[in-house]
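Can you keep this structure in mind? I'll have questions shortly.
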Amino acid sequence: MSMDSTTCDAPTTPRFGQPLRPGRLLVALMLLAFALMPGAFGTVTREMMVDAYVQVSAFVAATLLLFYGSERIFRFNIGTVLSTARGAQVPLAALMGATPGCGGAVVVVAAYSSGHVTFGAVVATLTATMGDAAFLLIATRPEVAAVVLPLSFAVGIVSGWLIDGLRLAPITARRAETGDLVPLIGRLRRRDLAFLAVAVPGLVMGVTQLTGAEIGAVFGDRMVAAVGLTGTAVGLAIWAASSLTAMTNSGDAPVTRMAEETSFISVWVIGAYLAYEYLAAFGGLDLEAMFATVAPLLPLIGVLIGFVPGCGPQVLVTTLYINGLIPFSALMGNAISNDGDALFPAIAIDPRAAVLATAYSAVPALIVAYGFFFLAPGFLN
């Protein structure tokens, strides 16, 4: 699930034998430098890093560990299930897409490359997925996630069935060489255990905050800051040294997969938090007024942003919604049109099919988004 704009950087190997991606290392060092700056800028940066970790990253870690742990314990292979599902293939593919994160959608894309699922299943999973932005929405606005995820799931099923029923699949050659997208790490590392050790108290603080309590008063401001900043630093170190380009390998330990994928998601969440807070605190921009002037275009803008591969832009859209700057209709359009990180392996495996699937998802995205915009303009805003 871990892919971003820096994955084209060739890993280098420093003295200690630890592979690093120059682009990612630069971003990680820049974020840490921002956090160490004096004055209001450093204070805002540290506060946003702590909020991102406690409010989102700790919950992502718990969800992924539960999912991957269950997968390991019950020996459940979704690829095999999809290839034998027949009539239930599209709903199952949509369910994999609706699962928070990008892993489920990537599995479906990989299954399509080897001929195990239909093109309708690919459209269903890409339409249903909200990618990593789902974790942010679940952690901050669970009542909205309870509407967005099931609705995306339903739209994905209908879209997939229509694609297969109308025989709209492209005639393209498929390639099954997906092993390079899911490299095997092969061992449980100290950094994974360190990430888990910090995530546990982070989750306790996050759950406490959800009850409405002031976690600074309960645990102490210094303790909250120590957990949030330590977890952020460990996550940045894991991300900067990661060899992943699409998703984690099912052969790796659940704790390793959790640490790798949570670290990747956390970078995007931190970026979205900081981008919004910097603009609001230092940019002098009235984002609410700016978006109000183009209100009728916001659902369309949300859909168009969904075309951008990766989860970063989608996390930013969700952040804008959480802060009340864009309506639910724009969030819904983005949720349906965006393909998250699953679009990267789709493009690598079959570019024509990937582009066509994305184009197909735009139709229901526009219909649903403008349906809410005109018929229920105040819904969940």
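From the list (1) 28; (2) 20; (3) 13, can you say which value of percent of Cα pairs over 39 Å apart was derived from the structure given?
Identified label for the calculated read-out: (3).
Right, another one. In whole Hz, with x marking every Gly and Pro, tabulate ³J(HN,Hα) for segment 200-213 from phi via Karplus 6.51 cos²θ - 1.76 cosθ + 1.60, θ = phi - 60°.
Here the 3J(HN,Hα) series is 4, x, x, 5, 4, 5, x, 5, 4, 5, 5, 6, x, 6 Hz.
How are the alpha carbon pair distances in segment 273-321 distributed across 5 Å bins from zero to the largest one, expressed in percent?
Answer for segment 273-321: a P(r) of 5, 19, 26, 25, 20, 6 percent.
For segment 133-150, take each phi angle, set θ = phi - 60°, evaluate the Karplus expression 6.51 cos²θ - 1.76 cosθ + 1.60, and give the result in whole Hz per residue in order, putting x for glycine and proline.
Values per residue, Gly and Pro as x: 4, 4, 4, 4, 5, 4, 6, 10, 9, x, 5, 6, 4, 5, 9, 5, 5, x Hz.
In a Gaussian network model over the chain where Cα atoms closer than 10 Å are linked, find which of Gly302, Gly216, Gly340 has the largest mean-square fluctuation.
Maximum among the listed residues: Gly216.
Taking amide hydrogens as modeled 1.01 Å from N in the peptide plane, which residues meet the under 5 Å criterion relative to Gly131, leaving out close sequence neighbours?
Amide H neighbours of Gly131: Gly101.
Ratio of alpha-carbon Rg to the 2.2 N^0.38 Å globular estimate for segment 124-277, to two decimals, please.
On the way: Rg = 19.3 Å, N = 154, 2.2 N^0.38 = 14.9 Å.
Relative to the rule-of-thumb radius for its length, segment 124-277 sits at 1.29.
Now for a different question. By how many nm would the segment from Leu66 to Leu375 lengthen if fully extended, with 0.36 nm per residue of separation less the alpha-carbon distance?
Numbers: separation 309, 0.36 × 309 = 111.24 nm, distance 3.84 nm.
Full-extension gain reported as 107.4 nm.
Could you sort 22-35, 255-268 so that the peptide with the highest average Cβ count within 10 Å comes first and the rest follow in order?
Values: 22-35: 16.6, 255-268: 27.4.
With the highest mean Cβ count within 10 Å placed first, the list reads 255-268, 22-35.
Of Ala52, Ala121, Ala213, which is the most mobile in a GNM of the chain whose springs link Cα atoms less than 10 angstrom apart?
Ala213
For segment 226-265, what is the per residue volume of the convex hull drawn over the alpha-carbon atoms, in cubic angstrom? Present the calculation step by step, with values, prior to reporting the outcome.
Details: hull volume 2.5 nm³, N = 40.
Value for segment 226-265: 63 Å³ per residue.
For Val117, enumerate residues with amide H under 5 Å from its amide H, sequence gap 5+ or separate chain, H modeled in the peptide plane.
Tyr112
So how far, in whole Å, is the C-alpha centre of segment 187-220 from the one of segment 99-113?
29 Å
Give me the log10 of I(q) over I(0) for segment 216-344 at q = 0.16, 0.21 Å⁻¹, as the Debye formula computes it from C-alpha points; what are the numbers?
Scattering profile of segment 216-344, log10 relative to I(0): -0.95, -1.20.
Considering Cα pairs under 8 angstrom that are at least six residues apart, work out the relative contact order of the chain and quote it in whole percent.
Working: 648 pairs, mean separation 93.5, N = 381.
Reported as a whole number, the value is 25 percent.
Could you tell me the accessible area of Arg46 in Å² (1.4 Å probe, neighbours in place), rounded to the nearest ten?
80 Å²
Provide the three semi-axes, in whole Å and in decreasing order, of the ellipsoid equivalent to segment 119-170 as defined by the square roots of 5 times the Cα gyration tensor eigenvalues.
Working: eigenvalues 140, 21, 3 Å².
For segment 119-170, the semi-axes come out at 26, 10, 4 Å.
Evaluate the relative contact order of segment 126-278 (contact order divided by residue number), counting alpha-carbon pairs under 8 angstrom at least 6 apart; express in whole percent. Walk me through the numbers before you get to the answer.
Values: 106 pairs, mean separation 40.1, N = 153.
26 percent.
Now for a separate question. What does the extension gain come out to for Leu279 and Leu188, with contour length at 0.36 nm per residue minus their alpha carbon separation?
28.8 nm
On the full set of protein chains, 1.4 Å probe, figure out the accessible area of Glu71 and give it in Å² to the nearest 10.
The accessible area of Glu71 comes to roughly 40 Å².
The values are calculated or read from the model by the stated rules, or taken from the named source; none is laboratory data. As the structure is a prediction and not an experimental result, all values here were calculated from the model. Neighbour counts run over all protein chains shown; Cβ positions are idealised from the backbone, glycine included. The protein model used for the area step is the full one, side chains on, heavy atoms only, and it has no ligands, DNA or RNA in it. Shrake-Rupley method; radii C 1.70, N 1.55, O 1.52, S 1.80 Å.
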